[in-house]
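What follows is a single structure, written as structure tokens, with notes after it.
The values are calculated or read from the model by the stated rules, or taken from the named source; none is laboratory data. Please read these numbers as outputs of a predicted model, since none were measured by experiment. A quick note on method: Cβ atoms are made from the backbone with ideal geometry, for glycine too, and the neighbour counts reach across all protein chains shown. The area values use the complete protein model at the heavy-atom level, side chains included, leaving out ligands, DNA and RNA. Shrake-Rupley method; radii C 1.70, N 1.55, O 1.52, S 1.80 Å.
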Amino acid sequence: MQPQAMREVMERMTEWLTDAARLAAFAHQPVHGRRANSRAPTIMELLAGFGPLRSRQMETALGATRVGVAGMIASWDTVGAISRTTISGSHLLSLRTPATETTQDAPPHSDAAFSAEALDDYNASLEAIDRLLSQRHFRD
């Protein structure tokens, strides 16, 4: 049983590493009109690491202005790498790449609304992320 469990864990970790390598190549590919020293790839890293974020959270994490982040997001929009969602009035941006679309299992579609408890938990998670991003070590 242990060798089987170890094999399954290693297979999953190999998938994660393959996805990370694919994402890194995608995030750092040259894009027409983007400076070589652009911080736009960092947006992909944030979205890959934290999941969907609000633009304000990206501003805080990058130490960038609203206009600067909007420009970086626009550059990713041109290649179709950003997905937008609104949940409970929060506008979230998420990563959309071939690497993430092929390996993530899509949950079955449901027309059911989120429960109040689920929304409260979600909002608490976003606030926790905001607190983490506002800590000094992210601004240095």
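Among (1) crowded, with 17+ Cβ neighbours inside 10 Å; (2) under 22 Å from Leu133 (Cβ atoms); (3) at pLDDT below 85, there is one condition Gly51 misses while meeting the rest; what is its number?
With (1) crowded, with 17+ Cβ neighbours inside 10 Å; (2) under 22 Å from Leu133 (Cβ atoms); (3) at pLDDT below 85 applied to Gly51, the lone miss is (1).
If you scan region 99-140, which residues turn out to be at pLDDT below 55 and either surrounded by 12 or more Cβ atoms within 10 Å (Cβ to Cβ) or among the acidic types (Asp, Glu) (or both)?
Ala99, Thr100, Glu101, Thr103, Asp105, Asp111, Phe138, Asp140
Provide a single number: the residues in region 60-77 that are within 17 Å of the chain's Cα centre (by Cα) and β-branched (Val, Ile, Thr).
So the answer is 3.
What is the number of the single condition among (1) at pLDDT below 80; (2) open to solvent by 40 Å² or more (accessible area, probe 1.4 Å) that Asp77 does not meet?
Condition (1) is where Asp77 drops out.
Six or more apart or on different chains, Cβ under 6 Å: which pairs go from a residue in region 23-35 that's part of a loop (DSSP other than H, G, I, E, B) and open to solvent by 80 Å² or more (accessible area, probe 1.4 Å) to one that's at pLDDT 70 or above and not small (Gly, Ala, Ser)? Could you list them?
What qualifies is His28/Pro41.
Going by the structure shown, is Ser94 touching a helix residue (DSSP H, G or I) at 6+ places or on another chain (Cβ under 7 Å), in a strand (DSSP E or B) and of a type in the set (S, T, N, Q)?
Criteria met by Ser94.
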